[in-house]
Amino acid sequence: MADETGVLVVGEIRDGRLDPTTRELLNVGGTLAKSLGQSLQAVLLGSDLANAGAEAIACGAARVLLAEHPLLGEGHLDARVTALQQVCQQAKPAIVLIARNEVGRELGPRLAFRLGVGLAQDAVALSVDGGSKRLLATRPVYGGNAMAVVTMVCKPQIATVRPKAFAAAEKNEALQGEVVRVPVEIPASVVKTRVVQKVVEQRAGVNLEGARVVVAGGRGLGGPEPFKELEGLAQLLGGAVGASRPACDAGWIDHSYQVGLTGKIITPDLYIAVGISGASQHISGCSGAKVIVAINNDPEANIFKEARYGAAGDWKKILPAFTEAVRELLK
Amino acid sequence: MGVRMILCAKQVLDPETPLSAFKVDRETKRAVPPPGADPVVNGFDENAMEAALQIKESAGGTITVISMGRSFVTDVITKPLAMGADDLVLLQDDAFDTTDSFVVASVLAAAIGKIGAFDLVLCGRQASDWDNAQVPLGLAELLGIPCLNLAKKVEVVNGCARIERITTDGHDVLEAPLPALITVTNELGEPRIPTIKGLMDAARKKPTVWGIGDLGLALSSLAKTEVVDLFIPAREKRCELISGEDDADAGRKLALKLREAKII
């Protein structure tokens, strides 16, 4: 098996278009393919894939593989694992990239085990080793306290890539590429886990993941009531409220507000952290913010190592004055 | 007969270790625990244990805990027993000190094969040390059973495992026939605290200990990954701390500073 070549990006489609994470994979995948002197391919699973295929070519894929099957259109994860196993066996890529989102964080490891190869989960940096030509994947470990660089000893080398760790590939409609249909055989019996219901929990206010400003609270708030104060500041700034995991686990606010490694990873322009100590687990979720502002009673708290501006003291006194001053300034 | 459950629990460095006390050894590529600090049971595995206990209470059954590592602190690794598990199997061997998910899942699969028939495997969504989130999913693949990932609620109904899986905007209800594997996330809720009686019961139970020789596995050819570096990223201190006459004044001046910097 020495003939594996190229980088294969596993694409995802949302409303007929490429998911933003797929364009991020095409960007970093293009860089890796270039350093290997090999080609960039994308695979799309589902049905009605032609438009997304053209989009992948405009984002740099030299070849797009379309795997169409009714069971894939329904989004069964078991079916996707089986399909990707077959696609990898046919296309023989050297590297496979998958977005580490809701789907990819399960799909990646299961595919790797199915193929009997290794995987680096949650990569935030990727490069090719100059000598061995192996993929070097850098990933946060110990909740983000440390970084590990991992290589995979057999091919394909698979990495799931943290969303927003790389910029999305720019579209260039002049780029050319071929679209190829690949046959996949998926017996209905492979689908063992079924989604019997999808529940969308409606939330008031600005969507946390798309918000330009996020005002977040942590363990230091001491209870659920202060989140109303954060909500007031967030409304003033047209932003959303977030929370650290301890605040969610304590039941002060719903887990859907959780920012962090196992919560939401967000990239607002402004992140205001109130009563958050700044554990690495939490920082993993907000380190992509352009500016972090911290209010915390402990001047030694880790959050001040991440913040650009801060005030150390009692948030119960700092925050109302801060909010009032913001209200005046925005008049 | 109830639901025959297997719970995988890992002993990890306490994730509450302050960053200032967190050290790594770049040679061995391992974290170095602060002197005198005890490890803990991985928090997500405690959430999984809570899920197992809820199933045991509603549907009946047994919980066998398996833990894999090079060495264990007895008071730490027996915590699931004190919470209400029936048995503990320790997979203990120098060879089990690995960060390779394929090796870990293969050892766990071999141990589960040796334990015998089961209905449900429960695991935490990931371990708080290496955050791989691979072993449970890989274990389901190696065992050839369905996988239900990221559960915030678990049930066993009519020979099926049913979970609520967290999603970014709500949850999905998933179902799969037994035997199956479930990973549990912290949204399930706080795990129960062992009672005095639980602690006394646990102290009387003697764990089964298996080494590599008991499992009939050759680990040398199994690893699929190599760690080439482990380091603590440099953090530059560049925070501008705003002070004032008192805390309220600092709050006002912080707002003015943000306006000055054209941030608000």
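Bear in mind these aren't lab numbers, they're just calculated from the coordinates by the rules spelled out. Everything numeric in this text was worked out from a predicted model, so none of it was measured. Cβ atoms come from the backbone with ideal geometry, glycine included; neighbour counts cover every protein chain shown.
The dipole here belongs to segment B:191-264: it is taken about the Cα centre, uses +1 on the Cβ of Lys and Arg and -1 on the Cβ of Asp and Glu, and is about 360 debye.
Counting only residues at least eight positions apart within a chain, or on another chain, the aspartates and glutamates with an alpha carbon under 16 Å from that of A:LYS331 are B:GLU260.
Which of rounded, prolate, oblate describes segment A:217-282, given a ≥ b ≥ c as roots of the alpha-carbon gyration tensor eigenvalues and a/c under 1.5 marking rounded, otherwise prolate only if a/b is larger than b/c? It comes out oblate by the Cα gyration axes.
Think of chain A as having a plus end and a minus end, set by charges on the Cβ of Lys, Arg, Asp and Glu; of A:GLY285, A:GLY218, A:ALA243, A:GLY285 sits farthest toward the positive end of this dipole. The calculated FRET efficiency for the pair A:ASP298 and B:MET200, based on their C-beta separation and a Förster distance of 45 Å, comes to about 0.70.
Apply the Debye scattering formula to segment B:1-99, with a single equal point scatterer on each alpha-carbon and no solvent, then give log10 I(q)/I(0) at q = 0.13, 0.15 Å⁻¹. Relative scattering, expressed as log10 I(q)/I(0), comes to -0.52, -0.66.
List the relative contact order of segment A:25-123 as a percent without decimals, with contacts defined as Cα pairs under 8 Å and 6+ residues apart. Don't skip to the end; give the middle numbers.
Working: 102 pairs, mean separation 22.4, N = 99.
Rounded, it is 23 percent for segment A:25-123.
Need one value for A:103-111: mean number of C-beta atoms belonging to other chains within 10 Å of its residues' C-beta atoms.
5
Computed over segment A:208-329, relative contact order equals 23 percent, with contacts defined as Cα pairs under 8 Å that lie 6+ residues apart.
Under the rule of -39500 (n - 2.57) per DSSP H run of 4 or more residues, summed and divided by the residues of chain A, what mean residue ellipticity at 222 nm is obtained, to the nearest 500 deg cm²/dmol? Could you put the intermediate results ahead of the total?
Values: 10 runs with 99 residues, N = 331.
After summing the helix terms and dividing by the residues of chain A, the value is -8500 deg cm²/dmol.
Strictly over 26 Å apart at the Cα level, which of A:LYS164/A:LYS192; A:LYS305/B:LYS23; A:LYS264/A:LYS290; A:LYS305/B:LYS152 would you flag in this model?
Cα-Cα > 26 Å for A:LYS164/A:LYS192; A:LYS305/B:LYS152; rest within.
Can you compute the equivalent ellipsoid semi-axes for segment A:208-329, i.e. the square root of 5 times each eigenvalue of the Cα gyration tensor, sorted largest first and rounded to whole Å? Before the final figure, lay out the partial values.
On the way: eigenvalues 65, 48, 45 Å².
They are 18, 15, 15 Å, listed from largest to smallest.
What fraction, in whole percent, of alpha-carbon pairs in segment A:143-226 exceed 16 Å separation? So the pairs more than 16 Å apart make up 84 percent of the total in segment A:143-226. Could you pull out every one of the lysines with an alpha carbon less than 21 Å from that of B:LYS197, ignoring same-chain neighbours closer than 8 positions? Output for B:LYS197: B:LYS56, B:LYS79, B:LYS205, B:LYS206.
Counting other C-beta atoms within 10 Å, which of A:LYS92, A:LYS290 has the fewest, and how do the rest follow? Don't skip to the answer; put the middle values down first.
Values: A:LYS92 15, A:LYS290 12.
Arranged by neighbour count, lowest to highest, A:LYS92, A:LYS290 become A:LYS290, A:LYS92.
From helices alone, chain B scores -8500 deg cm²/dmol at 222 nm; the rule is -39500 (n - 2.57) for each run of n ≥ 4 DSSP H residues, then divide by the residue total. Counting, for every residue in A:301-307, the Cβ atoms of other protein chains within 10 Å of its Cβ and taking the mean gives 4. Each part reduced to its alpha carbon centroid, segment A:248-264 and segment A:172-217 end up 21 Å apart. Placing a label point 7 Å from the Cα of B:ARG259 along the Cα-to-Cβ direction, the residues of segment A:238-280 whose backbone N falls under 18 Å from that point are A:238. May I ask for the angle, rounded to the nearest 10°, between helix B:43-59 and the longest principal axis of chain B, with both axes built from Cα atoms and the value confined to 0 to 90°? Compared with the principal axis, the helix lies near 40 degrees. Counting only the backbone N, which residues of segment A:243-287 are under 18 Å from the spot 7 Å out from the Cα of B:LEU241 toward its beta-carbon? From segment A:243-287, the list is A:273-279.
Extending 7 Å from the Cα toward the beta-carbon at both A:GLU324 and A:ASN172 defines two label points whose distance is 5.6 nm. Its residue count N sets the reference 2.2 N^0.38 Å, and the alpha-carbon radius of gyration of segment B:65-209 equals 1.07 times that reference. Relative contact order, whole percent, for chain B stands at 23, derived from Cα pairs under 8 Å and 6 or more residues apart. How far is helix B:247-260 tilted, in degrees, relative to the longest principal axis of the Cα atoms in chain B, given as a value from 0 to 90 rounded to the nearest 10? Result, in degrees: 80.
Which of the three applies to the protein assembly as shown, rounded, prolate or oblate, going by the alpha-carbon gyration tensor with a ≥ b ≥ c and a/c under 1.5 meaning rounded?
Details: a/c = 1.58, a/b = 1.13, b/c = 1.40.
In terms of gyration-tensor shape, oblate.
Quick test of the membrane-span-like rule: which DSSP H helices of chain A reach at least 30 Å along their long axis (C-alpha atoms) with mean Kyte hydropathy at least 0.5?
On the way: long enough: none.
Helix filter hits for chain A: none.
With Cα atoms defining each centre, segment B:47-98 and segment B:185-264 are spaced 21 Å apart in the structure. With R₀ set to 51 Å, the beta-carbon distance separating A:ASP269 from A:GLN197 gives a calculated FRET efficiency near 0.90. The mean count of C-beta atoms from other chains within 10 Å of the C-beta of residues in B:144-151, rounded to a whole number, is 4.
With the cut-off at under 15 Å, measuring from each backbone N in segment A:24-39 to a point 7 Å along the Cα-to-Cβ line of A:VAL182 picks out A:39. Beta bridges assigned by DSSP with both partners in the protein assembly as shown are antiparallel in approximately 35 percent of cases.
Compared with the rule-of-thumb size 2.2 N^0.38 Å for a compact globular protein, segment A:7-190 has a Cα radius of gyration ratio of 0.96.
Working note: Karplus 6.51/-1.76/1.60 with θ = phi - 60° gives segment B:128-136 the couplings 6, 8, 9, 6, 6, 6, 10, 4, x Hz, where Gly and Pro are set to x.
For chain A, the antiparallel share of DSSP beta bridges with both residues in that region comes to about 20%. Of the beta bridges in segment B:3-215, as assigned by DSSP with both residues counted there, near 40 percent are antiparallel. Straight-line cross-link reach from A:LYS171 at under 19 Å between alpha-carbon atoms covers these aspartates and glutamates, not counting any fewer than eight positions away in the same chain: A:GLU12, A:ASP15, A:ASP19, A:GLU24, A:GLU55.
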